[in-house]
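Q: First the structure, then my questions, so here it is.
The values are calculated or read from the model by the stated rules, or taken from the named source; none is laboratory data. Remember, predicted model here, so these are calculated numbers, not experimental data. We place every Cβ from the backbone using ideal geometry, glycine too, and count neighbours over all the protein chains shown. What goes into the accessible areas is simple: the full protein's heavy atoms, side chains included, and nothing from ligands, DNA or RNA. Shrake-Rupley method; radii C 1.70, N 1.55, O 1.52, S 1.80 Å.
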Amino acid sequence: MKKFLVIRRDNIGDLVCTTPLIHALRKRFPDARIDALVNSYNQPVLADNPDLNNVYAYTKAKHRETYETLVGVYWRRVKLMLALRHLRYDYVILANCGFLPRALSLARWVGPMNVVGFVPSGTKIPAINTPVEIDDIARHEVENVFRLLKPLGIIAPPPALQIHPSPESVAAAKEALGIAQNSVGKEVLVAIHISARKVPQRWPAERFAELMRHLHTNWNCRFVLLWSPGDENNPLHPGDNGKAASIMAATHDLPVLAYPTTQLSSLIGVLSICQAMVCSDGGAMHVGAGLGLPILCFFGNSDASKWYPWGVPKEVLQKPSRNVNDVSVKDAAEAFAILKTRASF
């Protein structure tokens, strides 16, 4: 039995974009042991994923809890690496779209027979004995990372993103919304996610509120308002409590459920019961795509051709200025109308 370990140690959206690789690997090697090594921050993306035998996670120093010491974080990581080394993997796949020395150092700890990873063109890196050269061809993140499977004989087009919500998170979301366990009702339930890490990706609160009013008036939509909780002035973990409160006040007469998501599993659960999503580019957008949601998304200064929602109906709004502040409510309303017709929700 072959043993594979897929390593992806970066952000939520990046890991979501790696799930087609994992799914295709399982389809090609149905009897193999396929594990993943991720970080504690993005681990819920792979929870309940039937393509994986095990998901291992370590904590990055910047993600440690207040009660955790640096020494403790690093000691647990060393113990995990030694345990993985004992499993004697046939392949470690460095599932990044470039050469990352830190990911390679993890592979060295694991000590597999083969390491699959990207290397700069014309460069040999002895530790990566199954290399795939980095090139200049523009691709979606999903398509690019999927190239790592070519040495394993997998060259088919990438499948859809794969996210599997836990029954507990779905039940909690349905209870909060007052939905019967087997029904989502006749109204269109739209997820409105208002947070974005980058400033040029942040659509203003008043426009979200105006768009929601338009969608309710024209299509009887109801809403789940989602955001990263916290104070916007917190230097370590800034949040959008103030922005959310402003939107809730402006839409007090609309059917809106405020649903701050302190845990990624909660975000996955509530998105799984929605029929569409409005958001800016970011990890939440990829989670929505992984759940099959039609998405209206705003792009600022990120590359929409590389990061658009993969495999789902979508309308992408990006202005030449690369600033979402230049996207009007009229732009968004017209795009949503097109999306609704295309996706038939």
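Q: Taking the residues in the range 107-125 that are in contact with a helix residue (DSSP H, G or I) (Cβ under 8 Å, 6 or more places away or on another chain) and assigned to a loop (DSSP other than H, G, I, E, B) as candidates, determine which candidate is nearest to residue 78 (Cα to Cα).
A: Taking the range 107-125 as the starting set, the residues that turn out to be in contact with a helix residue (DSSP H, G or I) (Cβ under 8 Å, 6 or more places away or on another chain) are 109-111, 115-118, 125.
The next check asks that each one be assigned to a loop (DSSP other than H, G, I, E, B); those that pass are 111, 125.
Details: 111: 13, 125: 24 Å.
Restricting to residues being in contact with a helix residue (DSSP H, G or I) (Cβ under 8 Å, 6 or more places away or on another chain) and assigned to a loop (DSSP other than H, G, I, E, B), the top hit is 111.
Q: Could you tell me which numbered condition residue 20 fails, if it satisfies all but one of (1) crowded, with 23+ Cβ neighbours inside 10 Å; (2) out of contact with any Pro (no Cβ under 9 Å at 6 or more places or on another chain); (3) at pLDDT 95 or above?
A: Single failed check for residue 20: (2).
Q: Still on this model: Looking only at the range 126-153, count how many residues are in contact with a strand residue (DSSP E or B) (Cβ under 9 Å, 6 or more places away or on another chain), part of a loop (DSSP other than H, G, I, E, B) and open to solvent by less than 30 Å² (accessible area, probe 1.4 Å).
A: Qualifying residue count for the region: 1.
Q: Say whether the condition of being open to solvent by 50 Å² or more (accessible area, probe 1.4 Å), farther than 24 Å from residue 153 by Cβ, in contact with a Phe, Trp or Tyr (Cβ under 9 Å, 6 or more places away or on another chain) and not in a helix (DSSP H, G or I) is met by at least one residue in the range 83-96.
A: No: the range 83-96 contains no residue that is open to solvent by 50 Å² or more (accessible area, probe 1.4 Å), farther than 24 Å from residue 153 by Cβ, in contact with a Phe, Trp or Tyr (Cβ under 9 Å, 6 or more places away or on another chain) and not in a helix (DSSP H, G or I).
Conditions (1) at pLDDT below 90; (2) over 30 Å from residue 284 (Cα atoms); (3) not small (Gly, Ala, Ser), marked per residue:
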residue	(1), (2), (3)
37	no, no, yes
76	yes, no, yes
87	no, yes, yes
109	no, yes, yes
144	no, no, yes
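Q: Considering only the range 196-206, state which residues are open to solvent by less than 60 Å² (accessible area, probe 1.4 Å) and not aromatic (Phe, Trp, Tyr).
A: If the condition is that a residue be open to solvent by less than 60 Å² (accessible area, probe 1.4 Å) and not aromatic (Phe, Trp, Tyr), then 196, 200, 201, 204, 205 are the ones that fit.
Q: Here is a further query. How do the pairs read when you match residues in the range 41-52 that are more than 15 Å from residue 262 (Cβ to Cβ) and touching a residue at least 24 places away in the same chain (Cβ under 8 Å) with residues anywhere that are of a type in the set (A, V, I, L, M) and assigned to a loop (DSSP other than H, G, I, E, B), using Cβ under 7 Å and keeping only pairs 6 or more apart or on different chains?
A: From residues that are more than 15 Å from residue 262 (Cβ to Cβ) and touching a residue at least 24 places away in the same chain (Cβ under 8 Å), the pairs are 45/163; 46/52.
Q: Still on this structure: Quick one: residue 282 ticks every box in (1) crowded, with 17+ Cβ neighbours inside 10 Å; (2) at negative phi; (3) touching a residue at least 24 places away in the same chain (Cβ under 8 Å) bar one, so which box is it?
A: Unmet condition: (2).
Q: Note down all Cβ pairs under 6 Å where the first residue falls in the range 88-112 and is within 8 Å of residue 7 (Cβ to Cβ), the second is in a loop (DSSP other than H, G, I, E, B), and they're at least six residues apart or on different chains.
A: 92/112; 95/8; 95/18; 103/9; 103/96
Q: I'm trying to understand the selection: among the residues of the range 26-45, which are among the basic types (Lys, Arg) and under 13 Å from residue 87 (Cβ atoms)? Spell out how you get there, then give the answer.
A: From the range 26-45, those among the basic types (Lys, Arg) are 26-28, 33; that's our starting set.
Within the range 26-45, just 33 meets the criteria.
For every residue, the table says whether it meets (1) surrounded by 16 or more Cβ atoms within 10 Å (Cβ to Cβ); (2) at pLDDT 95 or above.
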site: 173; (1), (2): yes, no
site: 180; (1), (2): no, no
site: 191; (1), (2): yes, yes
site: 194; (1), (2): yes, yes
site: 217; (1), (2): no, yes
site: 224; (1), (2): yes, yes
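Q: Can residue 116 be described as touching a Pro at 6+ places or on another chain (Cβ under 7 Å), open to solvent by less than 60 Å² (accessible area, probe 1.4 Å) and closer than 14 Å to residue 3 by Cα?
A: yes
Q: Considering 265, 272, which residue is modelled with pLDDT of 95 or more, open to solvent by 20 Å² or more (accessible area, probe 1.4 Å), of a type in the set (S, T, N, Q) and under 17 Å from the mean Cα position of the chain (by Cα)?
A: Going through 265, 272 in turn, just one is modelled with pLDDT of 95 or more, open to solvent by 20 Å² or more (accessible area, probe 1.4 Å), of a type in the set (S, T, N, Q) and under 17 Å from the mean Cα position of the chain (by Cα): 272.
Q: Also, quick follow-up: Go through 304, 332, 337 for me and flag whichever is in contact with a strand residue (DSSP E or B) (Cβ under 8 Å, 6 or more places away or on another chain), under 22 Å from residue 220 (Cβ atoms) and either of a type in the set (A, V, I, L, M) or open to solvent by 60 Å² or more (accessible area, probe 1.4 Å) (or both).
A: Being in contact with a strand residue (DSSP E or B) (Cβ under 8 Å, 6 or more places away or on another chain), under 22 Å from residue 220 (Cβ atoms) and either of a type in the set (A, V, I, L, M) or open to solvent by 60 Å² or more (accessible area, probe 1.4 Å) (or both) holds for just one of 304, 332, 337, which is 332.
Q: For the range 61-82, does any single residue satisfy the condition of being assigned to a strand (DSSP E or B) and touching a helix residue (DSSP H, G or I) at 6+ places or on another chain (Cβ under 6 Å)?
A: No; the residues of the range 61-82 include none that is assigned to a strand (DSSP E or B) and touching a helix residue (DSSP H, G or I) at 6+ places or on another chain (Cβ under 6 Å).
Q: Mind counting the residues in the range 196-211 that are at pLDDT 95 or above and within 24 Å of the chain's Cα centre (by Cα)?
A: Residues meeting the conditions: 4.
Q: Tell me yes or no: at least one residue of the range 227-243 is crowded, with 18+ Cβ neighbours inside 10 Å, touching a residue at least 40 places away in the same chain (Cβ under 8 Å) and in contact with a strand residue (DSSP E or B) (Cβ under 8 Å, 6 or more places away or on another chain).
A: No, the range 227-243 contains no residue that is crowded, with 18+ Cβ neighbours inside 10 Å, touching a residue at least 40 places away in the same chain (Cβ under 8 Å) and in contact with a strand residue (DSSP E or B) (Cβ under 8 Å, 6 or more places away or on another chain).
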